[in-house]
1. Restricting the search to the stretch 216-251, which residues are touching a Phe, Trp or Tyr at 6+ places or on another chain (Cβ under 7 Å) and of a type in the set (V, I, T)?
2. Looking only at the stretch 242-269, filter to residues that are in a loop (DSSP other than H, G, I, E, B) and among the polar types (S, T, N, Q); which one of those is surrounded by the fewest Cβ atoms within 10 Å (Cβ to Cβ)?
3. Looking only at the stretch 44-67, how many residues end up being crowded, with 19+ Cβ neighbours inside 10 Å and either in a helix (DSSP H, G or I) or modelled with pLDDT of 95 or more (or both)?
4. State all residues of the stretch 136-155 that are of a type outside the set (A, V, I, L, M, F, W, C) and buried (at least 16 other Cβ atoms within 10 Å of the Cβ); if no residue qualifies, say none.
5. Could you grab me the full set of residues in the stretch 102-135 that are within 20 Å of G43 (Cβ to Cβ), among the β-branched types (V, I, T) and surrounded by 24 or more Cβ atoms within 10 Å (Cβ to Cβ)?
6. Does D16 satisfy the criteria of being surrounded by 24 or more Cβ atoms within 10 Å (Cβ to Cβ), closer than 26 Å to L241 by Cβ and either at pLDDT below 95 or not aromatic (F, W, Y) (or both)?
7. Of the conditions (1) out of contact with any Pro (no Cβ under 7 Å at 6 or more places or on another chain); (2) buried (at least 17 other Cβ atoms within 10 Å of the Cβ), Q239 fails just one. Which one is it?
Amino acid sequence: MSVSLKLMCVLAHPDDESLGMGGTLAQYANEGVETYLVTATRGERGRVGEQREHLPLATVGKMRAAELRAAAQTLGIREVHFLDYLDGDLDRAEPREAVAKIAAHLRRVRPDVVLTFGPEGGYGHPDHIAISQLTTAAVMCAADSNYGSPDALAAHCVSKLYYMAWGQAKWTAFQAALKELKMNIDGVARRATPWPDWAITTRIDTASYWPIVWRAVSCHQSQMSIYRNLEHLAEEHHQALWGEQEFYRVFSLVNGGRRLETDLFEGLR
């Protein structure tokens, strides 16, 4: 009997899974790959619709967690787990604790492939940067049989680790709808950071999954005042944004070289 392939995303906020990797998750779930999602926060500080008043963080977190579960069901994700950190505070989490939480999920699920944000966090978002660092450390720790308590789950060595790596065309399409993505952190403006085409190791053709991805994005109703403009993108921007998804292969135990991959599971099939 063949063993199912497994894919795990470790991300920062509700909606990261749909906007960032939705096509990839939908495609592999449709192929029979077991897909899992670990999300660090409940997006408690996200904007809620057109409301100007601030709702209690717990209220927003409950709302956005429910939206994430609906989106995950749309994308065919098998399990969703939260790490229970507060939106905006992830880079101040106790690192040993956060790494241990992620490593425990890796050892429990035992995925073949893990996806997370790149070290630039897309557009410099501190939570995105933090989850990239924490996940990378957790992948290393989960594989170490000496890591953790004596009663910890058995070590698990992930075969392939990937970072999300949006190129210029994808950022251009995204910002055509949402305007410039910019954050001011410690007095410094951070903007979208495209990956150079030569650094992208993997492109997944997800064009046929665009309708599913949009349904998943639409599950995040509290954020739709921001995302609704995505409906009205020009055709070339839709193609750039949803037609393929790009990744950087951080490491692989089963393949290598500079030839562009078209399958995250290359070397594992």
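The values are calculated or read from the model by the stated rules, or taken from the named source; none is laboratory data. This structure is a prediction, so every number in the text was calculated from the model and none was measured. Don't worry about glycine lacking a Cβ; one is built from the backbone with ideal geometry, like all the others, and counts go over all protein chains shown.
1. V217, V250
2. Step one: filter the stretch 242-269 for residues in a loop (DSSP other than H, G, I, E, B), giving 243, 253-260, 262-269.
After this cut, where a residue has to be among the polar types (S, T, N, Q) as well, the list is 255, 262.
On the way: N255: 15, T262: 11.
That would be T262.
3. The total comes to 5.
4. Kept after step one, since they are of a type outside the set (A, V, I, L, M, F, W, C), are these residues of the stretch 136-155: 136, 144-151.
T136, Y147, G148 - these are the residues of the stretch 136-155 that are of a type outside the set (A, V, I, L, M, F, W, C) and buried (at least 16 other Cβ atoms within 10 Å of the Cβ).
5. Selection gives I102, T116, I131, T135.
6. Yes: the conditions hold for D16.
7. Here Q239 clears every test but (2).
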